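*Asks:* One structure, pasted below without further comment.
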Amino acid sequence: MFTREIGCVISTDNWPLYTIYGESSIVYFPDEFIWDVHINHPCEIMTLAHTHPPYCISISNEDYTTLKAWSYAFSPKHISMDVISENKDTEKGYSHRRHWFTLQTLEQWISAGKKGERTMELHYIDIDEKLFWAVHMLNMSYTHSFISEKGMVLK
Ligand SMILES: [Zn+2]
């Protein structure tokens, strides 16, 4: 049974830096936490990955807003958001989709007459490669309890 969403901050060299335990239908990436990661690992955040319940590969409104805000904050560096969801119709048993925004460049905005805010456009690709951290995150989403850093069992 899908128990909770799991979030992971993945580095530019494709390595999970931090894991966040979410709830059954949401996982938060707290602002202060992301800034801390950014300061401790300068320019190393590639993607905010998280699991979704089975067959739910689209980003939620909350995800959309979060990704848009971080994309603006980190611009011109790119940051993306990966969603991993069980899907038995696929060869690897799950779907993995990466989303990111492109921000209109300052030059484009100026040449377009400086109207309103710079526009942002959402893109996505499906990742076919079976990545170890994606598999691990999905497994953790189906586990019932966890041992915290202090040795407490979290349910
Ligand atoms: Zn989500």
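Nothing in this text is a laboratory measurement; each read-out follows from the coordinates by a stated rule. Note that this is a predicted model, so its numbers are computed, not measured. Every residue, glycine as well, gets a Cβ built from its backbone with ideal geometry; the counts of neighbours run over all protein chains shown.
*Asks:* Can you list the GluC sites (Glu not before Pro) in the stretch 88-120 that are in a DSSP coil and have 13 or fewer other beta carbons within 10 angstrom?
*Replies:* Numbers: sites: Glu91, Glu107, Glu117; in loops: Glu91, Glu117.
Filter output for the stretch 88-120: Glu91, Glu117.
*Asks:* Starting from the amide H of Asp82, placed 1.01 Å from N in the peptide plane, find each other amide H under 5 Å away whose residue is 5 or more places distant or on another chain.
*Replies:* Leu48, Ala49, His50, His99
*Asks:* Pick from Lys92, Lys68, Lys115: which residue has the top mean-square fluctuation in a GNM of the chain where Cα pairs under 10 Å get a spring?
*Replies:* Lys115
*Asks:* With angles folded into 0 to 90 degrees, how steeply does helix 31-40 sit against the dominant principal axis of the chain? Use alpha carbons for both and round to 10.
*Replies:* Tilt of helix 31-40: around 80 degrees.
*Asks:* Determine, from the Cβ-Cβ distance of Thr143 and Met120 and an R0 of 41 Å, the FRET efficiency 1/(1 + (r/R0)^6), rounded to the nearest 0.05.
*Replies:* That gives a FRET efficiency of 0.70.
*Asks:* Most mobile of Ser141, Ser85, Ser11 per a Gaussian network model of the chain (Cα springs, under 10 Å)?
*Replies:* Ser11
*Asks:* Still on this structure: Angle between the Cα long axis of helix 61-74 and the longest principal axis of the chain, 0 to 90 degrees, nearest 10?
*Replies:* 60 degrees
*Asks:* Another one. Against the longest alpha carbon principal axis of the chain, how many degrees, from 0 to 90 and to the nearest 10, is the axis of helix 132-141 turned?
*Replies:* Helix 132-141 sits at roughly 60 degrees to that axis.
*Asks:* Taking R0 as 25 Å, what's the FRET efficiency between Asn40 and Asp13 from their Cβ-Cβ distance, rounded to 0.05?
*Replies:* The calculated FRET efficiency here is 0.95.
*Asks:* Once every DSSP H run of n ≥ 4 in the chain is given -39500 (n - 2.57) and the sum is divided by its residues, what mean residue ellipticity at 222 nm do you get, rounded to the nearest 500 deg cm²/dmol?
*Replies:* -7500 deg cm²/dmol
*Asks:* For the chain, take N as its residue count and report Rg(C-alpha) divided by 2.2 N^0.38 Å.
*Replies:* That works out to 1.12 for the chain.
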